[in-house]
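Each remark here refers to the structure printed beneath this line.
The values are calculated or read from the model by the stated rules, or taken from the named source; none is laboratory data. It should be emphasised that the depicted structure is a prediction, and the values quoted were computed from it without experimental measurement. FYI the Cβ positions are ideal-geometry reconstructions off the backbone, even for glycines, and counts take in every protein chain you see.
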Amino acid sequence: MHWVTILLMGVAANLDNLGIGLAYGVKQTKIPMISNITIAFVAMVITYIAVIAGSEVTRYISPHSASLIGSFLLCGIGLWTLLSTKFKNQESLKNPETMDRDMNRIISVRESVPLGLALSANCLAGGIGIGANGISAIWTVISIGLFSLITIGVGNHFGSLLTNSFISKYSTVLSGLLLICIGIFEMFI
């Protein structure tokens, strides 16, 4: 099994979550456990759909070709993440306070669903590549869900302490680099 890839995908898909958790923590906006679980659940559903879609590719081409396509796709998504400003221009990721619609400094379950969708962009893109590589959908989904819970929870808790941390400043760049590394790693195993 591709345990290293599954764990790295969980990390790569959730580095933005850490940045969002930190941003909310700095602004003293709480993300209750139920909202954190909702965000993780949204990411897990998006990932599952993407992995299944990616694995469908293997029905039409050889497993080796699908694996190469999936690896190149992961590298391409990583490169696009590095070069594109699309993720940075999403209002919810650029200004996370816009997701707290009622301005009560608590992200409710209702507010966490669109936040989860915005944070799932890496899950969608990476999941397709993971599926094309024939990597377990269930374990990938579990990894992404667990890392989502951890990164948002830790980020929110320590936000005021780590506001200017390296990770919070460069989470998108780190995510892109990690996706490229996963793609290269998958080419050779």
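Laid out as a table, the results:
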{"item": "Subset tally (residues that are in a helix (DSSP H, G or I) and in contact with a strand residue (DSSP E or B) (Cβ under 9 Å, 6 or more places away or on another chain)) for segment 1-57", "result": "2"}
{"item": "Qualifying residues in segment 100-144 (those that are part of a loop (DSSP other than H, G, I, E, B) and of a type in the set (D, E, K, R)) - the one nearest to ILE6 (Cα to Cα)", "result": "ASP100"}
{"item": "Residue satisfying all of: in segment 128-140; within 14 Å of GLY76 (Cβ to Cβ) and of a type in the set (Gly, Ala, Ser); surrounded by the most Cβ atoms within 10 Å (Cβ to Cβ) among these", "result": "GLY129"}
{"item": "Test: residue in segment 156-167 that is assigned to a helix (DSSP H, G or I) and at pLDDT below 75", "result": "yes"}
{"item": "The listed residue being closer than 15 Å to ILE130 by Cα and among the β-branched types (Val, Ile, Thr), out of ILE37, ILE69, ILE61, ILE31", "result": "ILE69"}
{"item": "Residue selected from segment 58-97 under the condition buried (at least 21 other Cβ atoms within 10 Å of the Cβ) and either outside any helix (DSSP H, G or I) or β-branched (Val, Ile, Thr) (or both), by the criterion modelled with the highest pLDDT", "result": "ILE77"}
{"item": "Filtered residue count, segment 1-41, keeping only those that are farther than 13 Å from PHE147 by Cβ and in contact with a Ser or Thr (Cβ under 6 Å, 6 or more places away or on another chain)", "result": "6"}
{"item": "Single unsatisfied condition, ILE49 versus (1) surrounded by 13 or more Cβ atoms within 10 Å (Cβ to Cβ); (2) modelled with pLDDT of 90 or more; (3) closer than 20 Å to HIS157 by Cα", "result": "(3)"}
